[in-house]
Each structure stands twice: as C-alpha cells, then as structure tokens.
1. Considering the stretch 425-437 alone, what residues qualify as being in contact (Cβ under 8 Å) with a residue 60 or more places away in the chain and not in a strand (DSSP E or B)?
2. For residue 271, work out the one condition from (1) free of Cβ contacts under 8 Å to residues at least 24 places away in the same chain; (2) buried (at least 16 other Cβ atoms within 10 Å of the Cβ); (3) over 26 Å from the mean Cα position of the chain (by Cα) it doesn't fulfil.
3. Considering only residues of the stretch 36-71 that are assigned to a loop (DSSP other than H, G, I, E, B) and in contact (Cβ under 8 Å) with a residue 40 or more places away in the chain, which is nearest to the chain's Cα centre (by Cα)?
4. Pick from 248, 202, 183: which is assigned by TED's automatic domain parsing to the domain that holds residue 269, touching a residue at least 12 places away in the same chain (Cβ under 8 Å) and either buried (at least 17 other Cβ atoms within 10 Å of the Cβ) or part of a helix (DSSP H, G or I) (or both)?
5. Can you spot a residue in the stretch 2-23 that is under 18 Å from residue 132 (Cβ atoms), surrounded by 13 or more Cβ atoms within 10 Å (Cβ to Cβ) and modelled with pLDDT of 50 or more?
6. So the check is Cβ under 7 Å with 6+ separation or different chains; which pairs have a first residue in the stretch 287-313 that's over 20 Å from residue 253 (Cα atoms) and a second one that's outside any helix (DSSP H, G or I)?
7. Looking only at the stretch 393-406, count how many residues are touching a residue at least 24 places away in the same chain (Cβ under 8 Å) and in a loop (DSSP other than H, G, I, E, B).
8. Quick one: which residue in 473, 457, 453 is on the phi > 0 side of the Ramachandran plot, touching a residue at least 60 places away in the same chain (Cβ under 8 Å) and part of a loop (DSSP other than H, G, I, E, B)?
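The values are calculated or read from the model by the stated rules, or taken from the named source; none is laboratory data. From a predicted model like this one, the values you see are computed outputs, not experimental measurements. Positions of Cβ are generated from backbone atoms using ideal geometry, with glycine treated the same way; all protein chains shown enter the neighbour counts.
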C-alpha cells in the first residue's frame, strides 16, 4: 500500500469520531385493533397536575407519538377503547374516569422507543404487547400495578386479621415485588440503574409503612397496654433497614415521607395508648418527638418546619409563638427559619379585624380586579380549582347562597387556582356559574396564594365592608350554621350588621 495512503488509513481508524447526541425524548408507535375511536389519549402523570395529548389513528389503526424532552423516567397512561371519555373535538379534553378506562401504563425515558400492539376488545393483559427499547420498564410497571391492586382489593379484610396473618400477606407482597425487580428490571440494560434502585427503596418504605400502620390501627382500636406490648422490637425488626436520618430520601422519595409520618402516628398512638391528641397537645407531642427521633439536623429541621407550617393557623396562640422562637434559635437551616417567620408574620396580619390583602385577579375577559373595588360590601371568597373534587362539591351550595342573597350587601368571589386558565374558563362557561368568577393561577406562583397562605382547597374567607378579616378560614357554603348566621344579619336593613361585635360563629 502507498505509504501516504496507509498513513491516511491509520489516521481515520484512530481519529475520534463525533459523538451522536442522545435523544432527549421517547417515542411510542404501534397499532390498535378493534378501536371504536379514531384517536387515543396519552396522559403524562405527575404533579401538580397531569398533562394530556391526543394521538390520531390512521385508517389502518397505526399511531405514533413523541414526548417532549424528558429529564428522567416518567409514568404515562395510554387510554383507548369504547369508554374513552373525550369531547366531540379531540383537542378539547374532558376528565377521564380512571375506573372505567381501557389503558396501558407506560414508563418513558429519553431514548426509549416503544412499539405497542393493542387490541381494544378483551383482556388487556393478554391482548396487548409492549416491545422495543425500554419496554421492560413498562412491562414491569404494569405487572407491579396489577400485583399491588390485587393486594389492595383484599386490604380491608387483611387489616382485620391478627399480627402474624397480616405480616404473612405483607411479606408475600414484598417477595413478589422483589421477584419482579430481579427478573424484569435488573437483566435489562435499557432501564436506568437509578430507577431500579428507586423502585427497590420505594418497596422497602411502602412495606414498612404498611406494617407500621397496622400496629397503629390496632393500638387505636383496642386502646390498652396489652395491645401496645404485642408490637415489640421483634415485630419492628424491619426498621433496621429503614433509616430515620435520610433527608435526601425525603426530598426525592414520597414513600419515605409517608413512612416517616406513619411512624410518627404510631409513636403518638403508643405513647397515648390509642387516645387521640389534638391542637396544642398534638403539636407539642410531635415537636418533642422530632427532637429525639431524628439525629440528622437537616431532617429534623425539615420535619419541624413542616409541623410549624401545618399549624400556622394557630399563630395567635402563645404556645405557637414560643415554638417559632425556639425553632428560630435552634434550627440550622436559615432558609427554613426565614420561610416560617415570613408565614408567621403573614398569619398575624390575617387575624380577625386585620386588613385583608388587596389581591389582584382576572376575570374571563382578562380584566384585572382587586379586593378594594368591593369595599363597602362584605365579601365571601371561595378559593378552588376544577381538579379539586371537594371544591366542586361545594359549588351547588355556593350558587344557592349567591341566589338567596342577591341584592344584599355581600359579594361572592370565586377564585380559581387552576394552572391553565382555559380549563377554568371552559368549566365556568359549561356550568354557567354565577357570582364573580376570577382566576389567580397556581398559588405557589402568586401573591394571592402566598399572602393568604393557601395550603389546601377549598378555602373560604369572609371579609367585612371595611376590607378587614372576619374569618380567614371561614365555614363552607354547605354549612347550615353559616347560612343561617348570614341570613339573620343580611336581612337586617339589607346589610350585615355589627359582624365583629356580635359574632359567636367565627
């Protein structure tokens, strides 16, 4: 070979070839037989809310879908079949009742390329096939769901058995899940190792939570020393593999947090012999428990912050103020100390007779509204969202109140915290909701959520004609006491009369 050609040949062999960029998305392709629809629905599961897309089917039942860029492995749900609950226009999606859908559960990660074969008639477990790169993650996920659902269907019966029988069923559940991980996930190189580790840890925490909850339920049921003694160190032997000093796990693994909370409930039940503690007593017992239970300063600070946040409605109480001062003095996490003191300050401003925050919201036409424009009238505020079932259950009662007090000196404001304003607009239009319908956006991103400390919904507030709080956490519209109380005062000269001085309700 010519010397020059030989050198060129060698240089080509040894040159560093450019790396091919890894796909940041996943693809799902396949075929569906016997479908009565011309589209599928794919739903990305996660918080704070799920996102949905439609997938068009070709005339021969083929389909193709590509996700957005994925940071990590994510659960999805592919919904199909005659019970698919979509509107006439596929781009306008309605809620899907999870108990009546035909679906395949998927786990998708960047670079995955799944190929599905679906038959819309018959048993999904035998008629549907998942193949392609990353398929084992989805196969495992579906088998795990089926296994856990079978246990859950018998859970109420198992919970009524004795300690040994309950432990047997839970141990079998654990062994069966371990077998799935070993036989389906671990032999497969497409599945991220971090996901396999997470599944193993999640299983461990879920099993620990089940056994701890059983002990708690038995102590709460029988309320005596003998039942407390039944759950000895031998029963809790599983705790040797479950650390109480793992703040990283608390941050990334929800089951670990669930276990911690369950164990705390057990500790309280054990100490109180099943008698329930409330208010200051409950707070104090938990706060003192955290001091000894958690050796990790980070985890102890996080748990104490969560507890203080949960009880921030007691900001007017001296014992709560004392706990805030102690936490500010002893906690190592400066950001948590700052956050809880900010919440404490806001809560003190939300007390009865204090001026309410002059929030800004928008109506369905995009026009901005503020609280001050309703000054001179009393204001009842409902904070809600279309995805919140308890919120929706209160709407009929609220609509009746709006009609009943029409023309009186009170305004009813409904403030949606839906992430997507179009979903909110579509709902209020469809239901023809009356009253002042407003939208603020997600509470974590708005002053409305922060200044009123919206922790859960529905949340109701009552404000007087001068813009001051009557009650920052008012009764629900369905409360008979609230309706009667409002009716008495609103029908006196057509306006609410001396709310602050005469009220025994709030």
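1. Of everything in the stretch 425-437, those that are in contact (Cβ under 8 Å) with a residue 60 or more places away in the chain and not in a strand (DSSP E or B) turn out to be 425, 426, 428, 429.
2. Result: residue 271 passes all but (2).
3. Looking at the filtered set, the residue picked out is 48.
4. 202
5. For the stretch 2-23, residues under 18 Å from residue 132 (Cβ atoms), surrounded by 13 or more Cβ atoms within 10 Å (Cβ to Cβ) and modelled with pLDDT of 50 or more: present.
6. 312/453; 313/473
7. Looking only at that region, the number is 1.
8. Matching residue, one of 473, 457, 453: 453.
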